[in-house]
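Reading through the structure tokens given below for one structure.
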Amino acid sequence: MSNAGYFEANDGLSTKTVYPSEIIPFMDKFKILLGNGTTVEDLTAFEHKDFFYTVIDGTRRWVVYKTPNSGVTSKNSSNTRTELHEKREWTPEEGGKLTGTCKVMQVSTSGHARVAASYATVVGQIHSGEGHENEPLKIFYKKFPGHTKGSVFWNYEINTAGDDNSGRWDYSTAVWGNDMSVVGTSKNEYPAEPEDGIELGEEFSYEVNVYKGIMYLTFKSDKHETKTFTKNLISSDYTEKSDLPTQTQKMFVPMGQDGTERATAYKGELNYFKQGVYNQTNGKSPETNMVWSTGAETYGGDITKQYENGCYSEVWFVDATVGPGVPNK
């Protein structure tokens, strides 16, 4: 039985509904795309017991984001998500700030170990709202079956030069554990478990602060070293073929994705934040793409069966904020 929308009181289980907007007040700044393809514009006093609701864990109430390996998704992605979409759009020069404290409770238990996106979910991102609509930032959690600990890493996707976006690629940076490029040797042969990884159900937080064109990232977890990163969003490091990182040459170039980036990267381009669960494990055949097509079990899109058999992603947030970018301290 789902415990969506309920809270525990001294006299037992109450029937009072507690909505996500009561736990994270910034919901009025976002709309949401659910794992069944439904977009909801007004999140005040809204829940959906299959995808978006609240639960008690210990002494705190969390907002649950849940989505299957296969369902209905957006026009430009084959990956399902229950994910917030910021209503305000901003350029990197104008900036913005997103924070979140979360714990990943589930990633898909099926997939292909050699495919980089298998067993992974995105818990926060910056998305471009125009041009190629690429993604300057995606924050991932990934855990292989049988492992106790998973990896947290972030990806930057180039804003491809020219009108053809088919040469786009991501560059991945490890926070705790491995980056996205660490994969298995065959479908069911996994790499070593990361010693400094994050367990399912282990709390961590991130801060994304974009100020005057520079993105500042901070990641914190009680049992792990705090990590910080800086990335220029308005001046590219990848304008020539010779600039392609070794990681990109190994992952993307074999698929013909060897593009370069416009010199000004995302300068002047409208962006927005996204937060929640963006499942990277899908049912597409790995033969079509060894980075993103994970060949996971989908039960023909039957959401109930996917939930029953571990073929879904689920992330809980206990708090989050959104606002303007600020000078980096």
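Side notes on the structure shown:
- Residue check for residue 288: open to solvent by 30 Å² or more (accessible area, probe 1.4 Å) and either at pLDDT 95 or above or among the hydrophobic types (A, V, I, L, M, F, W, C) (or both): no
Each row is one residue, and each column tells you yes or no for (1) outside any loop (DSSP other than H, G, I, E, B); (2) touching a helix residue (DSSP H, G or I) at 6+ places or on another chain (Cβ under 9 Å); (3) not aliphatic (A, V, I, L, M).
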position	(1), (2), (3)
237	no, yes, yes
248	yes, no, yes
267	no, no, yes
278	yes, no, yes
306	yes, yes, yes
317	yes, yes, yes
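- Pairs are defined by a Cβ separation below 9 Å, a sequence spacing of at least 6 or placement on different chains, a first member in region 155-173 that is farther than 16 Å from residue 290 by Cα, and a second member that is of a type in the set (Asp, Glu) and surrounded by fewer than 16 Cβ atoms within 10 Å (Cβ to Cβ); the pairs so defined are 165/133.
- Among the numbered conditions (1) buried (at least 24 other Cβ atoms within 10 Å of the Cβ); (2) under 16 Å from the mean Cα position of the chain (by Cα); (3) not in a strand (DSSP E or B), the only one that residue 78 does not meet is (1).
Let's see how each residue does on (1) over 29 Å from residue 179 (Cβ atoms); (2) out of contact with any Leu (no Cβ under 9 Å at 6 or more places or on another chain); (3) among the hydrophobic types (A, V, I, L, M, F, W, C):
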{"position": "41", "(1), (2), (3)": "yes, yes, no"}
{"position": "81", "(1), (2), (3)": "no, no, no"}
{"position": "92", "(1), (2), (3)": "no, no, no"}
{"position": "103", "(1), (2), (3)": "no, no, no"}
{"position": "115", "(1), (2), (3)": "no, yes, yes"}
{"position": "118", "(1), (2), (3)": "no, yes, no"}
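- Residues of region 180-214 that are part of a loop (DSSP other than H, G, I, E, B), open to solvent by less than 60 Å² (accessible area, probe 1.4 Å) and under 15 Å from residue 123 (Cα atoms): 180, 201, 202.
- Verdict on residue 153 being modelled with pLDDT of 95 or more, part of a strand (DSSP E or B), aromatic (Phe, Trp, Tyr) and open to solvent by less than 40 Å² (accessible area, probe 1.4 Å): yes
- The single residue among 239, 230, 264, 218 that is more than 24 Å from residue 97 (Cα to Cα) and among the β-branched types (Val, Ile, Thr) turns out to be 239.
- Residues of region 88-95 include at least one that is in contact (Cβ under 8 Å) with a residue 60 or more places away in the chain, under 29 Å from residue 215 (Cα atoms), assigned to a strand (DSSP E or B) and not small (Gly, Ala, Ser).
Yes/no per residue for (1) closer than 14 Å to residue 312 by Cβ; (2) modelled with pLDDT of 95 or more; (3) touching a Lys or Arg at 6+ places or on another chain (Cβ under 9 Å):
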position	(1), (2), (3)
59	no, no, no
67	yes, yes, yes
73	yes, no, yes
79	yes, no, no
108	yes, yes, no
116	no, yes, yes
121	yes, yes, yes
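- One residue alone among 223, 274, 231, 227 is among the basic types (Lys, Arg) and exposed (fewer than 14 other Cβ atoms within 10 Å of the Cβ), and that residue is 223.
- Of all residues making up region 31-54, the number that are among the hydrophobic types (A, V, I, L, M, F, W, C) and either more than 18 Å from residue 18 (Cβ to Cβ) or more than 21 Å from the chain's Cα centre (by Cα) (or both): 4
- Residue satisfying all of: in region 40-60; in a loop (DSSP other than H, G, I, E, B) and of a type in the set (A, V, I, L, M); most open to solvent (accessible area, probe 1.4 Å) among these: 45
- Subset of region 289-327 that is of a type in the set (Asp, Glu) and within 18 Å of the chain's Cα centre (by Cα) - its residue that is farthest from residue 26 (Cα to Cα): 314
- Filtering region 268-288 to residues that are more than 18 Å from residue 155 (Cα to Cα) and not hydrophobic (A, V, I, L, M, F, W, C) leaves 268, 269, 282, 283, 284, 285, 286, 287, 288.
- Some residue of region 25-39 being of a type in the set (Ser, Thr, Tyr), open to solvent by less than 30 Å² (accessible area, probe 1.4 Å) and assigned to a strand (DSSP E or B): no
The values are calculated or read from the model by the stated rules, or taken from the named source; none is laboratory data. Quick caveat, the model's predicted, so the values are computed rather than measured. Cβ coordinates were reconstructed from backbone atoms using ideal geometry, including for glycine residues, and neighbour counts include every protein chain displayed. Note: accessible area is taken over every heavy atom of the protein model, side chains too, but ligands, DNA and RNA are not part of it. Shrake-Rupley method; radii C 1.70, N 1.55, O 1.52, S 1.80 Å.
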